[in-house]
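Colleague: Take this structure, written in structure tokens, and hold onto it; I'll ask about it next.
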Amino acid sequence: MNDAPALQPSSDLISASVLESGPAPAAAAEAAAAPEPVPAVLAQPARAPRVLAVANQKGGVGKTTTAINLGTALAAIGQEVLIIDLDPQGNASTGLGIDRRNRLCSTYDVLTGGSALRDAIVATGVPRLHIAPATIDLTGFELEIGQASDRAFRLRDALMPLRTPAPGATDFAYVLVDCPPSLNLLTVNAMAAADAILVPLQCEFFALEGLSQLLKTVERVRDQLNPKLTIHGVVLTMYDARNNLSGQVVADVREFMGPKVYETVIPRNVRVSEAPSYGKPVLVYDLKCSGSEAYLRLATEIIQREKELCAG
Ligand code: ADP
Ligand code: MG
């Protein structure tokens, strides 16, 4: 039995003030500098960032929602987090309120060698949460870079400078890469750069369809490009307690993927789907809703799993 103290993650761990930059920059800075006390079990020493690719070639399964809200939850409990938007749709950037006009330097520029990653990073309204935004230019990446010998390693190489502390620059604890809905060169770049993959699966009839193809791609990337790559976990999203099918899908996925499936299941919650249109993570839009509570639980579970991975 594991007798470590049980985590009681809930929105009570944090207050809304930790999440939202106030109108005055000084207030925001103060909130960032003096967050709510972080429970000792969650505190992390400084280290190279852990890079997690949020990937599933299916669209609409909750990748972007998970990148935004897991990122926000990790930031809320004291971590410095960078989201890398690798989807030409730029939904993570929009969902975090980054106006298209303010995406002067984007992940396209970074991957095609025009800019350093640090130059593309912008702050969000959430203290400790940053993003490298995407623009539609990314659709041209495969065509333009597809023949280059280092085509699969563009993101890995761009991330290298984040591993060395630089004066005045943020030391990120987590980098979450929001992948496009395809197993294309962008997703391969994410997998080649990542320590681990986080797979959102929607609680619907075809949830497992395509998962074996995804797992095969992970195998191939591990064999050919990135031997350290692991599956961090599978997160079930859009669970509907009133729908018997949702429960069946949870049982099936747990049977197929075993302990790789996080205990936390993200419920279908209208507040989660409303938040992006306000350019806010759901934790800022409505901290007490079931979706926010679930993403906070997921963040603490991920930190816990990280500790186990690092210890073992
Ligand atoms: P992906 O990035 O995999 O394409 P998204 O994160 O964009 O998927 O989610 C697809 C749609 O489902 C979006 O409209 C999003 O707002 C909605 N959605 C995601 N998670 C939830 C949830 N837990 N409850 C309600 N709606 C959700
Ligand atoms: Mg998306």
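Colleague: Could you list the residues of region 81-98 with an amide nitrogen less than 20 Å from a label point located 7 Å from the Cα of ARG305 in the Cα-to-C-beta direction?
Modeller: Under cut-off, by backbone N: 81-84.
Colleague: Going out from 0 in 5 Å bins, what whole percent of all Cα-Cα distances in region 81-212 drops into each bin?
Modeller: Bin by bin from 0 Å, the calculated values are 2, 10, 20, 23, 20, 13, 7, 3, 1, 0, 0.
Colleague: Ok, one more. Starting from the 7 Å offset along Cα-to-Cβ, what nm value, one decimal, do you get for the label separation of VAL122 and ALA241?
Modeller: 3.9
Colleague: Remind me, what semi-axes does region 143-294 give for its equivalent ellipsoid, largest first in whole Å, using sqrt of 5 times each Cα gyration tensor eigenvalue?
Modeller: Value: 30, 22, 14 Å, ordered largest first.
Colleague: Go through LYS58/LYS288; LYS260/LYS280; LYS63/LYS260 and tell me which ones have a Cα-Cα distance over 27 Å in this structure.
Modeller: Check vs 27 Å cut-off fails for LYS58/LYS288; LYS260/LYS280.
Colleague: Mind sorting CYS289, CYS310, CYS179, CYS203 by how few other Cβ atoms lie within 10 Å of their own Cβ, fewest first?
Modeller: If I rank by nearby Cβ atoms, fewest first, I get CYS310, CYS289, CYS203, CYS179.
Colleague: Suppose a student asked you for the relative contact order of region 176-312, using Cα pairs under 8 Å spaced at least 6 residues apart; what percent would you report?
Modeller: That works out to 19 percent.
Colleague: What spacing in nm lies between the two simple spin-label points modelled at GLN248 and GLN147, each 7 Å away from Cα in the Cβ direction?
Modeller: Those two pseudo-labels are separated by 5.1 nm.
Colleague: Along the Cα→Cβ direction, 7 angstrom out, place labels at ARG163 and PHE256. What is the inter-label distance in nm?
Modeller: Taking the two extended label points, one gets 3.4 nm.
Colleague: Another question, then. Considering Cα pairs under 8 angstrom that are at least six residues apart, work out the relative contact order of region 78-151 and quote it in whole percent.
Modeller: This gives 41 percent for region 78-151.
Colleague: Tell me the Rg and the Dmax, in Å, that the Cα atoms of region 73-125 produce.
Modeller: 11.6, 34
Colleague: Over every pair of different alpha-carbon atoms in region 235-312, take the mean of 1/r and invert it; report that Kirkwood radius in Å.
Modeller: It is 13.7 Å.
Colleague: Okay, moving on. Rounded to the nearest 20 debye, what is the charge dipole size of region 223-270 about its Cα centre when +1 sits on each Lys and Arg Cβ and -1 on each Asp and Glu Cβ?
Modeller: Taking the Cα centre of region 223-270 as origin, the dipole is about 120 debye.
Computed from the coordinates by the stated procedures, all read-outs in this text should not be read as laboratory data. What you are looking at is a predicted structure, and each value in this text was computed from that prediction instead of being measured. Positions of Cβ are generated from backbone atoms using ideal geometry, with glycine treated the same way; all protein chains shown enter the neighbour counts.
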